[in-house]
Amino acid sequence: MTALMNPGPLAIPPPALEDLRGRVTSAGKEFLAELGRIDTSRALHEAYLACYPHGSAAAVAQALRAQYPDKVDDIRIAEMLAIAGRALERGRPAPALA
């Protein structure tokens, strides 16, 4: 969560963080879970735009991907199970294992 308060093109001042959290929660999403999907969370992107109107949700997603690139060297089993669980909760088919 501290990454959102670092200086940068999409830095969020602390008082606005609560507004952002409220908007994401009002959209029926869990705030911390959406932060875990920072580059793909439509609810988070739309909440950001409501707090800071400019551009589009797609532009926010693109800026977040540029500012916070994925840097996964290894994934723990617990993280993999959580990701698989989220995918299966949505009724998506399990990915084929090679």
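Some points to look at:
- Ordering of 50-59, 72-81 by packing [mean C-beta count within 10 Å, highest first]: 50-59, 72-81
- Net charge of the neighbourhood of residue 46, taken over other residues with C-beta under 12 Å away and scored Lys/Arg +1, Asp/Glu -1, is +2.
- Placing dummy labels 7 Å off each Cα toward the beta-carbon, the span from residue 90 to residue 37 is 0.5 nm.
- Relative contact order of the stretch 12-65, defined on C-alpha pairs under 8 angstrom at six or more residues apart (%): 31 percent
Values quoted throughout were computed directly from the atomic coordinates according to the rules given, and no laboratory measurement underlies them. The shown structure was predicted, so the numbers you read here are calculated from the model rather than taken from an experiment. Here Cβ is always computed from backbone atoms with ideal geometry, including for glycine, and neighbour counts include all displayed protein chains.
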